[in-house]
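Okay, structure first, notes after.
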Amino acid sequence: MQIDYKLKDKFELGIFFPALFLIIIGLLAVFSATSNNPAAEGNFQKQLFWAVLSIVIFFIVYFLPTNTFRMISIPAYLFSLLLLVIVLVAGKKVSGARSWLDLGLLGFQPAEFAKIGTILALSAFLSRRNTDIESFSDIIKALSIGFIPVALILLEPDMGTSFVFVGLILTLIFWKGISLFGLFLVLSPAMVAVASLFGTIYFISAVVIVLAALLFFKKNIFFSGSIIAFNIGAGFFTDYVYNALSPHQQKRIQSFIDPMADPLGAGYNAIQAKVAIGSGGFFGKGFLNGNQTQLQYIPEQWTDFIYCVIGEEFGFIGSIVTLGLFLFLFIRILRTASAAKDEFLSLLIIGILSVYFIHLLINIGMVLGIMPVIGIPLPFVSYGGSSLLVNVFMLGIIANIYRTRKEYT
């Protein structure tokens, strides 16, 4: 009993086992999606190798001194920026984006590692004693730390990953304790930017809403004018970024607005994904028996559309079990963040949680046809070595903080 108590006190089983079960579910889904596909031969073995390696990395990170994360925050951030610059020059193009660095037998996405660097650097800045999140200058500094990697990732271009970064930046600023008006300053440009994608009328409506909010907050004319100008600039910048995207990425956005506009092109995956999940019924068609999966209706289903395999072959039950594991994992992570007395460590955990949650939200949204198809993998489940390693590395950070939580009070 004493040994069990010590284990529970030092090792958060409620974080490790849900993630482990998700990895196992992912391995089963990858095996099913690739079993009858000669082009994907060997992918299951590769994913199994990365899964084993990621568990080893988890325990290495778990036993590191917790102060290590604070010490490496700035070097890790700068190194991740360097990798993002290198990939723009010498990266390998995949699906229209220069986002991969090819090292012979191994290839990885620097944007995945940049998530860790950005979370560490932003958490370190926001947890400084002299940082005032209500100060306009400190808000700009925090946004700059976050948006430098976003700008580099957009140059690849990789719009999906940039959304993840934007979400984690906003989440960390919110967790820091920004006021309602401060949150409005941060969110309003994003609202105007998204509205501009839907057309001029939506763009003008969003600007009018921003103007009404400024009247509500009763800010002076000069300050309000500056905010309006900044928001209008965000709308025009988004239009510029949209025009700079590759044609296939533009079609993905268009298919989100109307999937039936191109049912055999950009909207094809979203339509077939809904068919796969819907055909699974309550209990599913059984492992290796999914028609959509085994007949390869969805290209490279083992990556971003892996959830379709689960929905078709394991049905509603399998889908709910998968989402339940994520929910349980997120609750335990949030609980650990709330219990952490050290602000840097608390912010670090919340930054990691935001990455997991945004990935889940967008990925499941893509599969259900309520979010644009922007190439976001499902954490712990989708095929991909660099993604799995980074996700488990971040989980190791959380487990490490839980282990030493009583030393940072």
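The values are calculated or read from the model by the stated rules, or taken from the named source; none is laboratory data. For clarity, every value in this text was computed on a predicted model and none was experimentally measured. Note that each Cβ is placed from the backbone with ideal geometry, even for glycine, and that neighbours are counted across all protein chains shown.
Contact map, segment 314-335: first residue surrounded by fewer than 16 Cβ atoms within 10 Å (Cβ to Cβ), second residue part of a helix (DSSP H, G or I), Cβ cut-off under 6 Å, separation 6 or more or different chains; pairs are Phe328/Pro18. Is at least one residue of segment 28-44 over 27 Å from Thr118 (Cα atoms), touching a residue at least 40 places away in the same chain (Cβ under 8 Å) and among the charged types (D, E, K, R)? No, that holds for no residue. Pairs are defined by a Cβ separation below 6 Å, a sequence spacing of at least 6 or placement on different chains, a first member in segment 156-171 that is within 18 Å of Leu84 (Cα to Cα), and a second member that is at pLDDT 85 or above and among the aromatic types (Phe, Trp, Tyr); no pair meets this definition.
Checking the structure you have, find out if any residue of segment 220-231 is among the β-branched types (Val, Ile, Thr), more than 26 Å from the chain's Cα centre (by Cα) and surrounded by 18 or more Cβ atoms within 10 Å (Cβ to Cβ). Yes, some residue in segment 220-231 is among the β-branched types (Val, Ile, Thr), more than 26 Å from the chain's Cα centre (by Cα) and surrounded by 18 or more Cβ atoms within 10 Å (Cβ to Cβ).
Just one of the listed residues (Ile169, Ile145, Ile153, Ile178) is touching a Gly at 6+ places or on another chain (Cβ under 6 Å) and buried (at least 17 other Cβ atoms within 10 Å of the Cβ), namely Ile169.
The residue of segment 360-379 that is nearest to Phe326 (Cα to Cα), among those that are within 11 Å of the chain's Cα centre (by Cα) and part of a helix (DSSP H, G or I), is Leu360. Restricting attention to segment 106-115, does a residue exist that is farther than 22 Å from Ser346 by Cβ, modelled with pLDDT under 95, over 19 Å from the mean Cα position of the chain (by Cα) and among the small types (Gly, Ala, Ser)? There is at least one residue in segment 106-115 that is farther than 22 Å from Ser346 by Cβ, modelled with pLDDT under 95, over 19 Å from the mean Cα position of the chain (by Cα) and among the small types (Gly, Ala, Ser).
Sub-7 Å Cβ pairs linking a first residue in segment 389-409 that is farther than 19 Å from Asp9 by Cβ and touching a residue at least 24 places away in the same chain (Cβ under 8 Å) to a second residue that is of a type in the set (D, E, K, R) and buried (at least 20 other Cβ atoms within 10 Å of the Cβ), at least 6 apart or interchain, are Val390/Glu112; Val390/Lys115, ordered by first then second residue. Residue under question is Pro38, and the condition is that it be modelled with pLDDT of 90 or more and either surrounded by fewer than 20 Cβ atoms within 10 Å (Cβ to Cβ) or closer than 23 Å to Thr303 by Cβ (or both); does it hold? No: the conditions fail for Pro38. Tell me, yes or no, whether segment 296-304 has at least one residue that is in contact with a Lys or Arg (Cβ under 8 Å, 6 or more places away or on another chain), in contact (Cβ under 8 Å) with a residue 12 or more places away in the chain and either within 21 Å of Gln47 (Cβ to Cβ) or surrounded by fewer than 22 Cβ atoms within 10 Å (Cβ to Cβ) (or both). No - not one qualifying residue is present in segment 296-304.
Only residues that are more than 19 Å from the chain's Cα centre (by Cα), part of a helix (DSSP H, G or I) and among the β-branched types (Val, Ile, Thr) were counted across segment 288-326, and they come to 6.
Kindly indicate which of Val192, Val164 is assigned to a helix (DSSP H, G or I), at pLDDT below 90 and either buried (at least 19 other Cβ atoms within 10 Å of the Cβ) or polar (S, T, N, Q) (or both).
Val192
Considering Tyr383, Tyr408, the condition of being modelled with pLDDT under 95, of a type outside the set (Gly, Ala, Ser) and closer than 18 Å to Phe69 by Cα is satisfied by Tyr408 alone. Out of all the residues in segment 336-359, which are crowded, with 19+ Cβ neighbours inside 10 Å and in a loop (DSSP other than H, G, I, E, B)? Listed by number, the list holds a single entry, Ala340.
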